[in-house]
1. Would you check which residues across region 491-516 are touching a strand residue (DSSP E or B) at 6+ places or on another chain (Cβ under 9 Å) and open to solvent by less than 10 Å² (accessible area, probe 1.4 Å) and list them?
2. Please verify whether region 84-103 includes one or more residues that are at pLDDT 70 or above, at positive phi and surrounded by fewer than 16 Cβ atoms within 10 Å (Cβ to Cβ).
3. Which condition number does Glu505 fail, the rest of (1) without any contact (Cβ under 8 Å) to a residue 24 or more places away in the chain; (2) not in a helix (DSSP H, G or I) being met?
4. From the list Ser552, Ser597, Ser592, exactly one residue is over 12 Å from Arg481 (Cα atoms), small (Gly, Ala, Ser) and open to solvent by 20 Å² or more (accessible area, probe 1.4 Å). Which is it?
5. Taking the condition of being in contact with a helix residue (DSSP H, G or I) (Cβ under 8 Å, 6 or more places away or on another chain), open to solvent by 10 Å² or more (accessible area, probe 1.4 Å) and in contact (Cβ under 8 Å) with a residue 60 or more places away in the chain, how many residues in region 286-309 meet it?
6. With the condition kept exactly as written, say whether any residue in region 43-56 is at pLDDT 80 or above, open to solvent by less than 30 Å² (accessible area, probe 1.4 Å) and more than 18 Å from Gln398 (Cα to Cα).
7. Would you pick out the residues in region 536-555 that are in contact (Cβ under 8 Å) with a residue 40 or more places away in the chain and part of a loop (DSSP other than H, G, I, E, B)?
8. I need the full set of residues from region 252-285 which are out of contact with any Asp or Glu (no Cβ under 9 Å at 6 or more places or on another chain), open to solvent by 10 Å² or more (accessible area, probe 1.4 Å) and either under 22 Å from Ile336 (Cβ atoms) or of a type outside the set (S, T, N, Q) (or both), in order please.
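The values are calculated or read from the model by the stated rules, or taken from the named source; none is laboratory data. Please read these numbers as outputs of a predicted model, since none were measured by experiment. Virtual Cβ from ideal backbone geometry, glycine too; neighbours counted across all protein chains shown. These area figures cover heavy atoms from the full protein model, side chains too; ligands, DNA and RNA do not enter into them. Shrake-Rupley method; radii C 1.70, N 1.55, O 1.52, S 1.80 Å.
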Amino acid sequence: MSSTVRRGLVAAAVLALGSTAAVATATSASAAVSCKVNYSASEWQGGMSANLTIQNLGDALNGWTLTFSFPNSSQKVSQGWSGNWSQSGSNVTVTALDWNKSLSTGGSTSIGFNGTWSGSNPAPTDFKINGVSCNGTPQSPSPSPTVSPSVSPSASPSPRVSPSASPSPRVSPSASPSPSASPSSSPPPPGTHVDNPYVDATGYVNPDWSASAKSEPGGSRVANISTAIWLDRIAAISSGSAGNNSMGLRDHLDEAVRQDAANGSAPLTIQVVIYDLPNRDCSALASNGELKIAQNGLARYKSEYIDVIAGIMADPKYSNLRIVTVIEPDSLPNLITNVNAFQACQEAQSSGAYVQGVQYALNKLHAISNVYTYVDAAHHAWLGWDSNFQPMVNLFYQVATGTTAGVKSIDGFIVNTANFSATVEPYFNINTTVNGQSVRQSRWVDWNWYVDEQSFAVGLRNALISKGFPNTVGMLIDTSRNGWGGTARPTKASTSTDVNTFVNESRVDRRIHAGNWCNQSGAGMGERPKANPAAGLDAYVWIKPPGESDGSSSAIDNDEGKGFDRMCDPTYTGNSLNGNNPSGALAGAPVSGHWFSAQFQQLMQNAYPPLS
């Protein structure tokens, strides 16, 4: 959609449609069916987005069909998720997918749709499950989320960025976050599950990465910074992930115990990336994984990967460590934006492999008291538009409530994992106007509601709490490669009266396009890891180890299941996913996870704050 068309839609009003609930009990020849359906929606002129929760109050169900009728014949479902949706006239039918067809007594599942209407948009009330009416009285409207959902949860096929749908006026994303727990004055007993695992703690130094950094001229300046361990295949659990990384999970945890003892009384936090879902990174190639859904991948993920990791982490000799796990980068966001464009993503959704895999990982890891779970939430230039933001919040809530511990199974969320988006744009924000035009109208911001990761993290946290997550939920920002220092970094706001020129001259993120994600030329190391950098944020962290490649610049044979993505090719002139712009990638890059000396040197050179 062009900027001209988007601009004409700015005046669309956002209204709360409210929610209804219905409950019924009946007896069939085989089972007593008792159901409750909660329906809640937000609307704007001509459009709506609805979330429905089906709760089984009767005998266990192995398959369900939901039916209801729209009161207004103009109301139409344009796209639905977490079910097979169809509509005939005013009558809507939704059948279960394989992964959510079984509902135990008391069990529930969430589904949803985006739709259109004209004239009026009353909520349906005649819900039926397997032909049994659920007749109830409307409940009070649920609290409105921070943002209003809009057109389609799959608006864009991009693995790292999503073009916007029509923008809708809404609450400012810079609203103050709910306060998080204040840091303790003294460390609690070792092994205690605390609100923020980074407070009062030292960070684990990965000897593999540290050795690579020290081998570079000037690398000793950062070699003792804490970076994450990536378990990107089953073999990595025992023998290291890729390239120069030879230590397995037990090796790292044993070394963490040694570092913890040497550091005195302060607890030690070690970060581990859980990254091997079947059909992993279903919309990318450089980071494809070893497991495939069609080849029993989900069962292998559970038994050969998660069970083994959880078994090691649960060893009592590691109980004093604070083990932070980053759960499956780029997985769940793909279910919001990329299902329609990529067959592998369609398979991930229809089979439920992503949702079930993440839920299984959360169940296993949350059960270990000294393990902390942070689910990946992409970044502002992927999910910052209304069409993606609220559907993502809804999916996070659906995933969490399907675990044994519910929303408590997730300690927090992480943004900008292995990406380059600026933590803070210092010279403009989403409310900045230039000659009467909002910066949202610029080609760079492109009607997004966020211009940087910190405002996005705060806005996402507010929306998650409004949805039902506890106000203790924390946010992490990966700042390992988003410093954007050096001579190209602006030192003040532009004086241009043209909105595009103003943004381009003022932004510290110097990428050619916000959708570029592979080995970006000109990038620098960002803020060093620290706890409680801002309200609502648990920490700045270095999850992507600087100097480890995002993907190869050309095709390279490997036994790690990693393909060649043209977005890593510096000669690539782009496609519709990045506005047909050059990739901005560095030349000479090895396969993802392998050491890339030229990139590491540039990251140090352009670090901001500068390295001393």
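1. Val499, Val503, Arg511, Asn516
2. At the first step, the residues of region 84-103 found to be at pLDDT 70 or above are 84-103.
Now restrict to residues that are at positive phi: 89.
Okay, now just the ones that are also surrounded by fewer than 16 Cβ atoms within 10 Å (Cβ to Cβ), so 89.
Yes, because at least one residue in region 84-103 is at pLDDT 70 or above, at positive phi and surrounded by fewer than 16 Cβ atoms within 10 Å (Cβ to Cβ).
3. Of everything listed in (1) without any contact (Cβ under 8 Å) to a residue 24 or more places away in the chain; (2) not in a helix (DSSP H, G or I), Glu505 misses just condition (2).
4. Values: Ser552 fails: open to solvent by 20 Å² or more (accessible area, probe 1.4 Å); Ser592 fails: open to solvent by 20 Å² or more (accessible area, probe 1.4 Å).
Within the list Ser552, Ser597, Ser592, the selection yields Ser597.
5. Adding up the residues that qualify gives 2.
6. As a first pass, look at region 43-56 and keep what is at pLDDT 80 or above: 50, 52-56.
From what is left, the residues that are open to solvent by less than 30 Å² (accessible area, probe 1.4 Å) are 50, 52, 54, 56.
With the extra rule that they be more than 18 Å from Gln398 (Cα to Cα), the set shrinks to none.
The answer is no; no qualifying residue exists.
7. Let us first name the residues in region 536-555 that are in contact (Cβ under 8 Å) with a residue 40 or more places away in the chain, namely 536-552.
Result: Gly536, Trp542, Ile543, Lys544, Pro545, Pro546, Gly547, Ser549, Asp550, Gly551, Ser552.
8. Hits for region 252-285 are Asp254, Glu255, Val257, Arg258, Asp260, Ala261, Ala262, Gly264.
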